[in-house]
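Everything on this sheet refers to the single structure shown next.
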Amino acid sequence: MSGSLEREVKFGGRPGFTMPDLAGVLPGVSVVTLAGLDLDATYYDTADLRLVRSGVSLRRRTGDGPPTWTLKLPAGPTGSGSSPSVLQRREFDLESDATEVPDTFRGLVTGWARSEPLVAVIDILSRRARTALVGADGTTLAELDDDQVTVVEGGVTAATFREIELELAADGTDALLDAVTAALLAAGAGAPDPMSKVARALGPRALVPGPLEGPLPRRDASIAEVMAAGLRSAVAEIIANDHVIRLDDDTMGLHRARWALRRIRADLKTFTRESDDAYLDRLRTELRWLSDEFGTLRRADVLVESVERATASARDNDATAVEGLLDRARNERRRAHDVVIETLGSKRYVELLDALVAITRPDALFSAGSAAAVEVIPPAMMRVWKRVRSAVRDLPDEPSENDIRQVRRQLIRLRSATELAVPVFGAAAADFAALTAQAQHDLGVHLDALACERWLRSRVASLEGLEPFVAGQLVAAQSVVSDQALRAWLDSWRACSSRSAVAWFRP
């Protein structure tokens, strides 16, 4: 499987539009006409089009070399100078004669498809005229494709349209994109449209909002509406980072997904505390299970990062010992990632995702006519706030690691409830959320340093050569980091607990 970052702009081909001569569109740029192609692509999705509605496309295409499966995943829009936003996606190709969706791709779209099977939803035939834009040194900078598209459903032609695609190559620049875009528009091309070819072919069905889309709640919203919006945001975060965790090329994907899990657990505990619903009890159990599974890998990520930082200043003669320690940490991290991949491939995980999507409806957790959020949130905040304050006041002069963890758990509940309150209480809640996030972060740095120190101490007996000496130096460094973080937390906690910071929810 090969992967790349696709950056392209799509234009409508209006009747009578003629491709302009783009030679010299920028100094040194020439045009090379490439052989045309007849492409036949079958797109796969769930019956209710969960993939395309989420900006994902999965196809099997022939006509351009061996049969190839292509998966395109959202990578976020990017501005490009004065031009409209570029459609930016992560693209993965897999050459295969198989007519069933490859397991690798099936896994990468699990977050969106969940328990729904993937089926062929549409065929798209494209007669493609191609032009390469080449730099002075012969390097291909972009490809401009002019597609005559035929949409086939059930063996019958359902639609035809013309589409112009400008795709930047690895050496293509924003300046080239801007210049070509301007030339195409001047020649009469339709306005740039970031809609994918498959979404355009499927029509209105591909534009139906998904269950995790919805407006932010108004200030007069009910607690049911506010809770639903918060859950939608958190569940969407988990789903959006599922493939990031699987691909394992951005450790922050796991961090974001785990924080979303914590938000859900915290908000269910804070705002549905009086519920004895057996379904919610099971859901909380499953959330705790997945959070624990993610937590093992997250701790391994933090350990590797801590050891890397701690060893960055090692002397040249300690390099071998340093690499030995890093290799041990990275091997443990790889094993933890393997376990998480097994978890993401389990039926239990998919069922949890389905359950989480189901509770994002406003009527899923609260009965009709639920109270206004502006009335419910302040007393709930006060309950959580008092627990945090009490936990901090009960800290001994030399708190244990467990003491600190208890305070941090309460801070997580406080921060999560505050973030949920932002649409209703505005800037005051947003400012307080930032303060609680900083206090949580400082305690997290302290605990991470303790964990790194503990890991190093536990490995000393099995170390060789200079490794024990280097490990001892790193232990001392981590001790300094943990002490500094705890002192920083004292300042961030004072900011959190000031009268002005908490005034918005105090009676």
Row for the stretch 223-502, column shape: gyration tensor on C-alpha, a ≥ b ≥ c, rounded if a/c < 1.5 i.e. under 1.5, prolate if a/b over b/c, else oblate; value oblate
With +1 on each Lys and Arg Cβ and -1 on each Asp and Glu Cβ, and nothing else charged, work out how big the dipole of the chain is about its Cα centre, in Debye to the nearest 20. 2140
Under 5 Å between amide H atoms, partner at least 5 residues away or on a different chain: which partners does Ala364 have, H built in plane at 1.01 Å? none
Could you give each residue of the stretch 64-73 its phi-based ³J(HN,Hα) in whole Hz, using Karplus coefficients 6.51, -1.76, 1.60 with θ = phi - 60°, and x for Gly or Pro? 9, x, x, x, 9, 8, 10, 10, 10, 10
Three-way shape label, the chain, alpha-carbon gyration tensor, a/c 1.5: prolate
Calc'd 3J(HN,Hα), the stretch 121-127, phi into Karplus 6.51 cos²θ - 1.76 cosθ + 1.60 (θ = phi - 60°), Hz, glycine/Pro = x, comes to 10, 6, 10, 10, 9, 10, 9
Treating each Cα of the stretch 160-250 as an identical point scatterer and ignoring solvent, apply the Debye formula and state log10 I(q)/I(0) at q = 0.12, 0.19, 0.23 Å⁻¹. -0.73, -1.01, -1.10
Across the stretch 154-170, in residue order, what do the Karplus-derived ³J(HN,Hα) couplings come to in whole Hz, using 6.51 cos²θ - 1.76 cosθ + 1.60 with θ = phi - 60° and x for Gly and Pro? x, x, 10, 5, 9, 6, 9, 7, 10, 9, 9, 10, 10, 10, 6, 7, 4
If amide H atoms are modeled at 1.01 Å from N in the peptide plane, then the residues at a separation of 5 or more from Ser222, or on another chain, having amide H under 5 Å from its own are Ala373
Looking at the chain, how many pairs of lysines come closer than 25 Å at the Cα, when each pair is eight or more places apart or spans two chains? 5
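Each reported figure results from applying straightforward, stated rules to the coordinates on display, with no laboratory input. Remember, predicted model here, so these are calculated numbers, not experimental data. Cβ: placed from backbone, ideal geometry, glycine included. Neighbour counts: every protein chain shown.
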